[in-house]
Amino acid sequence: MADDHLQSLVDELATRLTRSVAIDDPAIRLLAASRHFGDEDAVRVQSVLNRSVAPEIVEAILEVGIAAWTRPGRFVLDLPDYQPRVCAPVRCNGLLLGYLWLIDRDGSLDAAEIGLAEDAATRAGAVLYRQLVLHERAKARHEAILRELVSSDPATRAQAAEDLRAEQLLPEHPVCFQVLDVRCGGEDTNDAAAVALEAAIEQGLRASAPDDVPLVVANRSRAWVLLATRKPPPRALLDTVGDRITARFHALGRHRGRVVVGVGAPVDSLGLVVESYRQAGLAARAALLVPALGDVSRWGELGPYEVLLKLPVDDLLLAARVPALAALDAQDSHGVLLATLETFLELAGDVRRTAERLHVHRATLYHRLKRIELHTGCRLDRGDDRLTLHLGLKLRALAVAYQTGVSAGPG
């Protein structure tokens with residue numbers, strides 16, 4: 001619902017100009033709108049009815065670069081049902097807080113009328129800035145409580161649970177708590193990417209059930225969400241939330257890096273949220289390091305990575321130095337034997353499928369496997385040896401990803 005002061009500004013300007021007025025937030029979501037004077041178009045009607053417009057229209061609007069405007073300007077989009085407008089950026093203390101819009105079909109708004117719109121945008125900026133300060137104070141308080149909820153200290157966690165209840169941030173009688181960990185990968189984690197991440201999370205969480213309460217802690221390239229629900233959310237719903245987050249992140253800025261979502265297991269009490277939090281963090285890290293796991297990765301479905309990623313990084317890097325694989329490297333300058341071994345182990349030692357995958361004759365495959373046994377000193381028909389080699393390959397892939405900051409190879 002629009003702030004009363006903001007609504008009064010919009011209605012006052014509309015009456016003076018005899019034109020409909022609207023104010024959007026920086027993501028083009030409607031904050032306040034006046035009555036219409038017969039000048040509305042289909043996009044304005046959609047905005048008033050839904051408090052937002054279609055994502056493709058939002059993208060087209062933002063691509064014009066109005067986020068950098070400091071003065072009102074005429075705004076034209078080559079879209080059906082979109083009439084020319086005057087856009088006055090709503091700012092305060094240098095912060096972009098929204099946009100004030102006037103539909104101007106025939107360009108008849110004169111300089112004085114545009115000046116009135118600019119004055120109204122300035123006053124709207126002061127109103128929204130006050131709201132922002134109050135919101136940020138509350139947000140900082142809530143984030144501090146959530147961070148304490150996943151502290152390593154049990155007493156701190158217990159106090160945080162009491163604080164959450166006292167702040168009335170949870171639904172009545174929640175029976176399920178679950179953490180989502182959202183992270184940006186790659187080098188493109190600047191301020192724009194951080195803003196896009198928060199906006200993408202907000203968009204994704206709209207897919208959650210109306211009674212669910214999502215609490216968010218964000219910090220530049222990483223955020224985590226505590227979902228408090230009256231019943232365990234269905235898998236498909238969480239998949240939808242994750243998919244929307246990743247899609248929206250890329251749509252907002254076309255960032256080069258990946259964004260992934262790790263999903264922890266559901267728990268039935270606030271005291272156990274720390275477990276879901278740790279699981280979600282490991283799942284997100286696994287998704288960044290091993291693309292084969294997908295952009296939405298769930299605890300319980302990570303295979304060996306659930307164990308391997310619990311290792312401290314230094315221990316993992318040390319464990320990745322498997323003597324048998326080092327010996328194979330020394331005799332395999334082109335990496336043919338290593339690729340053969342990895343495929344053979346991934347396919348559970350199935351010779352026929354391995355030969356088909358590698359596009360070689362079985363005799364060639366048998367010859368390579370013999371050479372692998374010779375150089376590694378391992379027997380591929382012995383379970384312990386195969387396990388050593390397979391885990392070694394997984395550890396080496398993770399080690400490379402940690403050391404270079406890029407994704408590991410096949411999962």
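Coordinate-derived values only; no laboratory data. Because the structure is a prediction, the values reported are computed rather than measured. With ideal geometry, Cβ positions are generated from the backbone for all residues, glycine too; neighbour counts draw on all protein chains shown.
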Note to self: Can you compute the radius of gyration and Dmax for the range 252-411, using only the Cα atoms, both in Å?
What the structure shows: 18.0, 59
Margin query: How big is the dipole moment of the range 31-87 about its Cα centre under a simple scheme where the beta carbon of each Lys and Arg is +1, that of each Asp and Glu is -1, and everything else is neutral? Debye, nearest 20, please.
Written below: 340
Notebook entry, point to check: For the Cα atoms of the chain, what angle does the longest principal axis make with the long axis of helix 336-346, in degrees from 0 to 90, nearest 10?
Noted result: 80
Margin query: What are the extents of the Cα atoms of the range 196-237 along their three principal axes, in Å, largest first?
Written below: 31, 16, 14
Margin query: At R0 = 41 Å, how high is the FRET efficiency between R105 and V133 if r is their beta carbon distance? Nearest 0.05 is fine.
Written below: 0.65
Check: How far, in degrees from 0 to 90, does helix 4-17 lean away from the longest principal axis of the Cα atoms of the chain, to the nearest 10?
Finding: 50
Next item on the list: Find how much the distance from R357 to Q46 grows on full extension, using 0.36 nm per residue of separation minus their present alpha carbon separation; answer in nm with one decimal.
Entry: 106.7 nm
Notebook entry, point to check: Relative to the longest principal axis of the chain, what angle (0 to 90°, nearest 10) does the C-alpha long axis of helix 273-289 take?
Noted result: 70
Next item on the list: Work from the charge dipole of the range 102-143 (Cβ charges, +1 for Lys and Arg, -1 for Asp and Glu, about the Cα centre) and give the residue of L102, V133, A121 farthest towards its positive end.
Entry: V133
Notebook entry, point to check: With the chain treated as a Gaussian network of Cα nodes joined by springs under 10 Å, which of V127, V216, V360 yields the largest mean-square fluctuation?
Noted result: V360
Item checked: Charge dipole magnitude, Cβ of K and R +1, D and E -1 - the chain, Cα centre, debye nearest 20 -> 1300
Note to self: Running a GNM on the chain with Cα contacts under 10 Å, which residue among G257, G115, G271 ends up with the highest mean-square fluctuation?
What the structure shows: G115
Check: Gain in length, T122 to D81, computed as 0.36 nm per residue apart minus the alpha-carbon separation, to one decimal in nm?
Finding: 11.9 nm
Item checked: At R0 = 51 Å, FRET efficiency that the Cβ-Cβ distance of S269 and D39 yields, to 0.05 -> 0.40
Checklist line | Mean-position separation - Cα centroids, the range 76-128 and the range 305-327, in angstrom | finding: 58
Check: Reported to two decimal places, what Rg/Rh ratio describes the range 11-107 when computed on Cα atoms with Rh from the Kirkwood expression?
Finding: 0.92
Check: Got a sec to turn the phi values of the range 28-37 into Karplus ³J(HN,Hα) couplings, 6.51 cos²θ - 1.76 cosθ + 1.60 with θ = phi - 60°, whole Hz, x for Gly and Pro?
Finding: 6, 10, 5, 9, 7, 8, 8, 5, 8, 10
Item checked: Whole-angstrom Cα spans of the range 237-305 along principal axes, big to small -> 38, 25, 17
Notebook entry, point to check: Say R0 is 30 Å: what FRET efficiency, to the nearest 0.05, do D381 and R222 get from their beta-carbon distance?
Noted result: 0.10
Next item on the list: Work out the P(r) tail for the range 61-182: percent of alpha carbon pairs separated by more than 18 Å, whole number.
Entry: 67
